[in-house]
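What follows is one structure encoded as structure tokens, with my remarks underneath.
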Amino acid sequence: VKITEVKTMVIQNEEDKARKHFVGGRYFLFLQIFTDEGIVGLGERVVGNYIDPEHI
């Protein structure tokens, strides 16, 4: 199985005006990954400012 295409989708979150912050963060990042065998996967970035070297 080989990855043939990766699409990224950045979605801007609206600010909660009553609380003066963004619920879940300002932006959401989704990835759609396609393979040569027709498998399609969808993933979401869930951690904004921390990278765990074990998962790279």
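The values are calculated or read from the model by the stated rules, or taken from the named source; none is laboratory data. None of the values given here were measured: they were computed from a predicted structure. Virtual Cβ from ideal backbone geometry, glycine too; neighbours counted across all protein chains shown.
Residue by residue through segment 1-27, note down the ones that are at pLDDT below 70 and farther than 12 Å from ARG45 by Cβ. Passing the criteria: GLU15, ASP16, ARG19, LYS20, HIS21, PHE22, VAL23.
The requirement of being assigned to a strand (DSSP E or B), of a type in the set (A, V, I, L, M), modelled with pLDDT of 65 or more and touching a Ser or Thr at 6+ places or on another chain (Cβ under 9 Å) is not satisfied by LEU42.
Applying a threshold of 6 Å to beta carbon distances and a minimum spacing of six or more residues, or different chains, the list of pairs starting in segment 29-41 at a residue that is within 14 Å of LYS7 (Cα to Cα) and ending at one that is part of a strand (DSSP E or B) and small (Gly, Ala, Ser) reads LEU31/GLY43; ILE33/GLY41.
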